[in-house]
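Notes for the one structure printed next.
Any read-out appearing in this document is the output of simple, stated calculations on the displayed coordinates, not a laboratory observation. Quick caveat, the model's predicted, so the values are computed rather than measured. In this analysis, Cβ positions are derived from the backbone assuming ideal geometry, glycine residues included, and neighbour counts consider all displayed protein chains.
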Amino acid sequence: MGKPKHERTLPDNEARAVTRNLRVSPRKLNLVAGLIRGKKVDTALSDLEFSRKRIAQDVRKCVMSAVANAENNHGLDVNDLVVSEAYVGKNLVMKRFHARGRGRASQILKPFSQITVIVRQTEEEAAGKRRAEKPKDEKKKTAKAATPSAKAAKPAKAAAPAQEAKEAKQAKAAKDAKPAPAKPKKSAKASKAGKETK
């Protein structure tokens, strides 16, 4: 008597692959995982193929495994697959030692990690129809929004010349009210004193 079958945890349009015991730290592996998140499968595979990271080839194998699972086990279309999730986890850690001075030793940790890749089939036709409908709706909304603002702008333009005329009148009145102060005339004595000092 075998074990009862586990229920499927993922939706019908997703497939998963897990690669364990990769000889790299989770932090370094996460850099490569971040390279493929949200990309189409073809783009992700080409990016991993030409990546300079050592572990990129193992991640590429994991993505290819997820694609194969999607095609063979779940009947999904390979051309519509996108890497929806790629997350990293810890695995075992080998402990070694390094000889140091005065007879002491220091610890060396050699971490392993694992990566889980989930691919999802996207419905491009439905997405294309939604994109086509959005611009029409936006044009209608912008046209409706523009008409009230244009009406409001016309009275403002009409009011502008009247406002300018008022400001000009006020400025003229201010100039007429305040005559320029006259310069004081120098007396004859002051001018003589100036000549003597020179």
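Data table
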| quantity | calculated |
| --- | --- |
| Linear extension gain, GLU85 paired with SER106, 0.36 nm per residue minus alpha-carbon span | 3.8 nm |
| Sequence of PHE50, PHE97 once ranked by neighbouring C-beta atoms within 10 Å, starting from the fewest | PHE50, PHE97 |
| Net +/- balance of residues flanking ARG20 in space, Cβ distance below 15 Å, scoring K and R +1, D and E -1 | +3 |
| Sparse-neighbourhood loop sites, GluC sites (Glu not before Pro) in the stretch 5-79 - DSSP loop, at most 13 other Cβ within 10 angstrom | GLU7 |
| Reciprocal of mean inverse Cα separation for the stretch 1-59 (Kirkwood radius, Å) | 13.8 Å |
| Per DSSP, loop trypsin sites (Lys or Arg not before Pro) in the stretch 69-129 with at most 10 further Cβ within 10 Å | ARG100, ARG104 |
| Label point distance in nm, GLU167-PHE97, each placed 7 Å from Cα along Cα→Cβ | 8.6 nm |
| Residues HIS6, HIS74 arranged by fewest to most Cβ contacts within 10 Å | HIS6, HIS74 |
| Listed pairs LYS5/LYS90; LYS40/LYS95; LYS3/LYS110; LYS5/LYS28; LYS5/LYS53; LYS5/LYS95 exceeding 31 Å between Cα atoms | LYS40/LYS95; LYS3/LYS110; LYS5/LYS28; LYS5/LYS53; LYS5/LYS95 |
| Potential extension, LYS175-ASN72 segment - 0.36 nm per residue separation minus Cα distance | 28.0 nm |
